[in-house]
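Accompanying notes for the structure given below.
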Amino acid sequence: MWMIVMFDLPVGTDKERKRATKFRNFLLDEGFSMSQFSVYIKFCGTKEQTAPVVKRIVDNSPKDGQISILFFTDKQFSDIINIQNREIIENKNIPEQLLLL
């Protein structure tokens with residue numbers, strides 16, 4: 001299961017910029033990777049493992065702005081098409097699957 005956090009936070013004042021930067025740094029500390037400036041992704045294993053992460057996001061979210069959290073399966077995430085400079089680029093964030101016998 002993949003978790004994608006998207007947000008639109010106010011940055012009009014120094015205080016708002018500081019809160020937005022603090023939230024971005026929080027996401028990085030939680031193991032998220034920046035996909036785009038206000039879009040962060042993290043592999044969470046299973047849906048059940050996302051609940052504590054969601055709670056920490058809620059607890060650390062700034063009082064202003066909007067935050068959306070989406071969930072994708074490995075298969076759905078692997079079907080994402082990324083285009084950069086008019087060329088399709090390979091998704092490099094797909095973790096190796098483990099096989100336990």
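The values are calculated or read from the model by the stated rules, or taken from the named source; none is laboratory data. Everything quoted here is computed from the prediction, not taken from an experiment. In this analysis, Cβ positions are derived from the backbone assuming ideal geometry, glycine residues included, and neighbour counts consider all displayed protein chains. Surface areas here come from the heavy atoms of the whole protein model, side chains and all, with no ligands, DNA or RNA. Shrake-Rupley method; radii C 1.70, N 1.55, O 1.52, S 1.80 Å.
For segment 1-54, the relative contact order comes to 47 percent (Cα pairs under 8 Å, sequence separation of at least 6).
Between the Cα long axis of helix 51-60 and the first principal axis of the chain there is an angle of about 20°, rounded to the nearest 10. With the simple spin-label model, which puts each label point 7 Å out from Cα in the Cβ direction, the residue 35 to residue 73 separation comes to 1.7 nm.
Averaged over its residues, the chain has an accessible area of 74 Å² per residue, based on protein heavy atoms and a 1.4 Å probe.
In segment 1-91, which chymotrypsin sites (Phe, Trp or Tyr not before Pro) are in a loop and have at most 12 other Cβ atoms within 10 Å, using DSSP for the loop call? Listed in order of number, the matching sites are 37.
Among 61-67, 11-17, 82-88, how do they line up from the highest to the lowest mean number of other beta-carbon atoms within 10 Å?
61-67, 11-17, 82-88
Using C-alpha pairs under 8 Å with a sequence gap of at least 6, the mean separation divided by the residue count of the chain gives a relative contact order of 37 percent.
Among the lysines of the chain, pairs at least eight places apart or on separate chains and with Cα atoms under 30 Å apart come to 23. Net charge dipole, the chain: roughly 360 debye, given to the nearest 20, about the Cα centre with Cβ charges of +1 for Lys and Arg and -1 for Asp and Glu.
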